[in-house]
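A quick write-up on the structure given underneath.
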Amino acid sequence: MSRILGIDLGTTNSLIAQVVDGVPHVIRDPQTGERLLPSVVVFTDDGKVLVGQAARDAERNGSGIVISSVKRLMGIGMEHVNEDDRKQFPLTPADSGPVRFTVGNQSMTPPQISAHLLRELRRRAEQALGEPVSDVVITVPAYFNDSQRQATRDAGRLAGLQVLRLVNEPTAASLAYGLDRRDHGTVAVFDFGGGTFDVSILRLQGGIFEVLATNGNTRLGGDDFDRAVAGWLLKKAADESGLPEIMTDHRVFTQARREAENAKIRLTTESVTVATLVLPGMDTPYEALLTREEFETIIRATAEQTIVHCREALKDAQISPKDVDSVVLVGGSTRVPLVRTLVREFFGIEPLADIDPDEVVALGAAVQADILAGGTKDMLLLDVVPLSLGIETMGGVMTRLIHRNTKIPCTVVEEFTTPADNVTSIDIHVLQGEREFARDNRSLARFKLPVEPLPAGMARVLVMFLIDANGILSVTAIDEKTKNEHTVEVKPSYGLTDEQVEEMLIDSFDNAERDVTERLLAEAVVAAESILLHTNKALKEGADLLQPEERDGIVRAESALRKALESTDRQTILDATAALDAATKPLADRLLDRAVNRLLKSRTVDEVLASDEAV
Amino acid sequence: MTPSHDNARAPEIDHDPDSSNYFDVLGLPTRLALNEKDLSDHYYALSRLYHPDFHQNALPAERLRALRRTAAVNDAFTTLRDPVSRGRWWLEFNGRKLSLAPGVPRELGSLVFDVHDALERFRSAEADITEIERFREVTRDELGRRNKQLAALFGELDEAGASRADGLLFTRLENLLAEISYLRALTRDIERTLEKTGER
């Protein structure tokens with residue numbers, strides 16, 4: 001059993017955790033003893049990259065190029081970046097297209113910045129455990145769309161990690177809470193972090209965590225509280241000191257943000273606090289008194305939005321607030337007393353915060369990692385897709401193929417044909433969102449579907465949209481005539497193509513000393529060795545399931561792959577791996593079906609539900 | 001507490017994941033009048049066996065098959081769970097072509113007209129909230145009555161068997177499903193309007 005770790009890649013802080021003897025723990029930095037890694041990256045003037053606390057310290061000193069809360073920009077296009085973020089981030093100016101940062105003479109993407117955070121977490125874990133780490137589970141906000149998920153996966157790959165699963169943050173948190181299999185009932189997870197808000201409604205029964213509905217906003221978080229308080233502070237300071245120009249002074253703005261954040265934290269336990277600003281040309285610092293009451297007035301509108309999302313989630317789950325047996329608080333912003341009050345009033349029960357809200361997501365990620373590694377067998381997460389998925393049809397309308405809150409994995413098959421005579425391809429535009437018109441939803445991808453030149457309406461292509469357990473879409477087209485299946489080249493609208501990720505691996509200065517070609521080769525070798533190992537096992541288990549010629553085919557493909565491994569040509573290895581994959585397909589299918597049927601045979605539903613046995 | 005379940009003779013699952021019959025996929029007898037607990041028990045049991053989480057350590061092709069099997073189980077469960085989608089699926093499964101954009105069911109014509117009229121007047125402040133609330137009650141009653149009718153009709157259809165059910169039964173089911181869908185939409189419209197008032 002290989003080791004798999006859980007990572008919470010947060011807007012404000014990131015953590016890495018693992019399960020030891022069935023209990024999840026956050027892994028501390030062996031050097032500093034810290035659990036939280038501030039999600040801050042600084043590029044210093046002398047070309048160094050600082051990550052975490054070191055970056056936060058540098059930020060305080062005002063040196064270098066600072067990128068914090070990069071999660072806000074993962075997988076989105078420039079046209080969706082708001083005014084505040086345009087001020088905050090060192091963006092490369094553009095009206096549309098993927099977000100890029102200008103760092104000295106380099107251009108960087110949000111996944112590359114996140115990769116720095118992931119590499120630092122990896123370093124921590126490797127030092128603490130004394131062994132290399134490569135397999136991980138990373139959490140994402142439940143309300144992340146496909147592009148945002150893909151961007152997170154790209155970040156993992158850029159950090160040299162194999163991302164085995166993306167897990168939704170609120171569901172991960174529920175795993176950390178529901179470690180006791182006897183727990184049952186309906187649970188609402190209220191996850192209010194630094195930059196994102198999610199609410200998920202789950203039904204727990206016999207170790208199964210079934211998500212009924214999820215709702216949220218990937219641009220709503222504690223950052224918005226800070227921003228509101230900073231705005232209030234700046235305005236008050238400008239009015240009272242008679243210096244209106246400070247409203248647009250970047251240094252004062254940065255100070256105000258920091259003061260606002262600190263005041264917010266103090267007001268969790270205190271009823272009144274003082275915020276201080278050093279204003280240009282003033283001898284004494286400016287001080288403003290902020291009571292908790294006033295603070296709550298400033299943030300109320302933002303905080304109340306979370307309840308609107310809760311109402312929507314309950315509606316989709318077809319239950320009312322009184323049907324919820326417990327509410328779990330996750331994320332640093334749930335420490336704000338007003339937030340707790342609103343939650344208590346809405347659900348009519350006292351919310352639970354027994355597990356540190358900063359750590360609970362990472363702990364849950366570790367539990368999910370343990371499930372994948374085969375350690376935990378009695379728990380299973382059944383999650384949903386947060387946003388509807390569809391395609392653009394006549395008149396710029398979005399036609400839904402998969403509705404929000406559909407259980408994943410899921411597939412949907414659509415038949416396409418040609419609108420005119422003799423066309424050779426059909427354009428498919430994949431969208432995600434809840435709005436009626438295509439232009440109001442997020443564009444995920446566009447692709448061309450090759451068809452035979454025939455009279456209009458004669459060509460028939462079946463397109464299968466598959467959403468996997470990560471909530472990520474893949475598309476397969478099947479030619480109706482030949483039944484040939486081919487994977488469609490999907491060009492992500494805001495994400496990175498595989499080639500771009502590879503280029504970034506090559507560009508990455510962290511990898512300068514390592515040979516990247518070697519690294520890509522190593523990835524291919526790992527995949528090849530894994531399939532060889534599993535083929536070997538499968539041939540033994542399924543010896544009786546194969547016709548002699550099928551067996552020969554597998555053995556031939558196996559030795560071809562072994563031979564390919566003797567070379568150092570990546571493409572040869574990839575091709576031979578794909579060939580072995582194809583050759584083992586019938587065996588794999590029969591093995592799975594037989595395993596399931598054996599477990600089902602002469603057993604009742606209750607026995608299956610009660611067993612911890614996985615196939 | 002969940003109610004205790006008599007498992008002295010709980011059913012075995014004998015399922016066919018490749019069947020186009022959703023009941024077969026879940027290993028349930030093809031009976032429209034299904035028990036919700038049986039449905040979710042079968043769904044959970046099959047999820048425990050097929051879910052990709054438990055097949056991480058297998059051939060890539062096996063992982064893909066587990067993924068597709070789970071997708072099929074999810075689809076079957078979601079379709080059968082809601083009585084309306086269950087009924088619509090069953091009609092199509094038995095070769096009935098359903099109209100994509102059915103009009104207002106005849107039975108509901110006057111109710112639909114009255115509700116829309118009241119909502120319209122309410123938005124322009126010509127009707128008061130009690131009238132809307134009264135319509136909410138009427139709509140809920142109509143919906144409740146039809147849900148009961150649907151349960152009874154499911155029983156009748158199971159009794160007759162799909163092969164012997166006559167066109168009349170099919171038509172009754174189709175009409176009833178259309179009415180329920182319409183009443184659900186109407187209830188949503190009313191709720192949404194009332195909610196907006198609450199926010200004001």
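The values are calculated or read from the model by the stated rules, or taken from the named source; none is laboratory data. Keep in mind the model is a prediction, meaning the values are calculated, not measured. Cβ: placed from backbone, ideal geometry, glycine included. Neighbour counts: every protein chain shown. Ligands, DNA and RNA are stripped out before the accessible areas are found, and what is left, the full protein with its side chains, is counted by its heavy atoms. Shrake-Rupley method; radii C 1.70, N 1.55, O 1.52, S 1.80 Å.
Observations
- Qualifying positions in segment A:159-175 - open to solvent by less than 10 Å² (accessible area, probe 1.4 Å) and either over 16 Å from the mean Cα position of the chain (by Cα) or farther than 23 Å from A:M379 by Cβ (or both): A:A159, A:S174, A:L175
- The single condition among (1) among the small types (G, A, S); (2) surrounded by fewer than 18 Cβ atoms within 10 Å (Cβ to Cβ); (3) more than 30 Å from the chain's Cα centre (by Cα); (4) modelled with pLDDT of 85 or more that A:A564 does not meet is (2).
- Restricting segment A:574-615 to residues that are outside any loop (DSSP other than H, G, I, E, B) and of a type in the set (V, I, T), the residue that is modelled with the highest pLDDT is A:T577.
- Failed condition for A:V229, given (1) in a helix (DSSP H, G or I); (2) aliphatic (A, V, I, L, M); (3) closer than 17 Å to A:F144 by Cα: (3)
Okay, residues lined up against (1) within 19 Å of A:V525 (Cα to Cα); (2) open to solvent by 60 Å² or more (accessible area, probe 1.4 Å):
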{"position": "A:Q547", "(1), (2)": "no, yes"}
{"position": "A:A557", "(1), (2)": "yes, no"}
{"position": "A:A560", "(1), (2)": "yes, no"}
{"position": "A:T568", "(1), (2)": "yes, yes"}
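- If the condition is being open to solvent by less than 80 Å² (accessible area, probe 1.4 Å) and under 13 Å from B:T30 (Cα atoms), then segment B:156-165 contributes B:L157, B:D158, B:A160, B:G161, B:A162.
- Residue list for segment A:6-22, filter: touching a residue at least 60 places away in the same chain (Cβ under 8 Å), more than 25 Å from A:D226 (Cβ to Cβ) and open to solvent by 20 Å² or more (accessible area, probe 1.4 Å): A:Q18, A:V19, A:G22
- A:A522 being at pLDDT 80 or above, open to solvent by less than 20 Å² (accessible area, probe 1.4 Å), under 35 Å from the mean Cα position of the chain (by Cα) and more than 13 Å from chain B (Cβ to nearest Cβ): no
- Residue match in segment A:315-326 (condition: at pLDDT 95 or above, under 21 Å from A:G221 (Cβ atoms) and in a loop (DSSP other than H, G, I, E, B)): no
- Members of segment A:443-477 found to be within 22 Å of A:V81 (Cα to Cα) and surrounded by fewer than 21 Cβ atoms within 10 Å (Cβ to Cβ), listed by number: A:S443, A:R446
- Output for segment A:537-580, where each listed residue is within 18 Å of A:R594 (Cα to Cα) and polar (S, T, N, Q): A:Q547
- Among the residues of segment B:17-33, those that are out of contact with any Lys or Arg (no Cβ under 8 Å at 6 or more places or on another chain) and part of a loop (DSSP other than H, G, I, E, B) comprise B:D18, B:S19, B:S20, B:N21, B:L26, B:G27, B:L28, B:P29, B:T30, B:R31, B:A33.
- Residues that are open to solvent by 10 Å² or more (accessible area, probe 1.4 Å) and within 13 Å of chain B (Cβ to nearest Cβ) within segment A:191-216 comprise A:R203, A:L204, A:Q205, A:G206, A:L212, listed in sequence order.
Per-residue answers, yes or no, for (1) surrounded by fewer than 24 Cβ atoms within 10 Å (Cβ to Cβ); (2) modelled with pLDDT of 95 or more; (3) part of a helix (DSSP H, G or I); (4) not hydrophobic (A, V, I, L, M, F, W, C):
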residue: A:Q31; (1), (2), (3), (4): yes, no, no, yes
residue: A:D57; (1), (2), (3), (4): yes, no, yes, yes
residue: A:A94; (1), (2), (3), (4): yes, no, no, no
residue: A:T102; (1), (2), (3), (4): yes, no, no, yes
residue: A:S107; (1), (2), (3), (4): yes, no, no, yes
residue: A:R119; (1), (2), (3), (4): yes, yes, yes, yes
residue: A:R124; (1), (2), (3), (4): yes, yes, yes, yes
residue: A:V137; (1), (2), (3), (4): no, yes, no, no
residue: A:Y143; (1), (2), (3), (4): no, no, no, yes
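- Test: residue in segment B:127-150 that is aliphatic (A, V, I, L, M), under 15 Å from B:L183 (Cβ atoms) and within 18 Å of the chain's Cα centre (by Cα): yes
- Looking only at residues of segment A:243-282 that are of a type in the set (A, V, I, L, M, F, W, C) and in a loop (DSSP other than H, G, I, E, B), we find that the one that is nearest to A:G221 (Cα to Cα) is A:L267.
- Filtered residues of segment A:332-378 (kept if open to solvent by 10 Å² or more (accessible area, probe 1.4 Å), more than 14 Å from chain B (Cβ to nearest Cβ) and not in a helix (DSSP H, G or I)): A:G348, A:I349, A:E350, A:P351, A:L352, A:A353, A:D354, A:I355, A:D356, A:P357, A:D358, A:E359
- Taking the numbered list (1) among the charged types (D, E, K, R); (2) in contact with a strand residue (DSSP E or B) (Cβ under 6 Å, 6 or more places away or on another chain); (3) assigned to a loop (DSSP other than H, G, I, E, B) in turn, A:E392 passes all entries but (3).
- Scanning segment A:323-357 for residues that are over 20 Å from A:G194 (Cβ atoms), within 26 Å of the chain's Cα centre (by Cα) and small (G, A, S) returns a single hit, A:S326.
- Odd one out for B:G198 among (1) surrounded by 15 or more Cβ atoms within 10 Å (Cβ to Cβ); (2) in a helix (DSSP H, G or I); (3) at pLDDT below 90: (1)
- Residue check, A:R300 of a type outside the set (A, V, I, L, M) and touching a Leu at 6+ places or on another chain (Cβ under 9 Å): yes
- If the condition is being closer than 15 Å to B:W89 by Cα and either free of Cβ contacts under 8 Å to residues at least 12 places away in the same chain or surrounded by 21 or more Cβ atoms within 10 Å (Cβ to Cβ) (or both), then segment B:11-25 contributes B:S19, B:Y22, B:F23, B:D24, B:V25.
- Test: residue in segment A:145-161 that is of a type in the set (A, V, I, L, M, F, W, C), at pLDDT below 95, farther than 24 Å from A:L473 by Cβ and assigned to a helix (DSSP H, G or I): no
- Options A:L539, A:L609, A:L592, A:L580; residue that is within 11 Å of another protein chain (Cβ to nearest Cβ), in contact with a Lys or Arg (Cβ under 8 Å, 6 or more places away or on another chain) and within 24 Å of A:H486 (Cα to Cα): A:L592
- Failed criterion for B:S47 (all others in (1) open to solvent by 40 Å² or more (accessible area, probe 1.4 Å); (2) assigned to a helix (DSSP H, G or I); (3) facing another protein chain (nearest Cβ under 8 Å) hold): (1)
- Flag if A:D440 is modelled with pLDDT under 90, more than 14 Å from chain B (Cβ to nearest Cβ) and over 30 Å from B:Y50 (Cα atoms): no
- Failed criterion for A:T306 (all others in (1) more than 26 Å from A:N215 (Cβ to Cβ); (2) modelled with pLDDT of 95 or more hold): (1)
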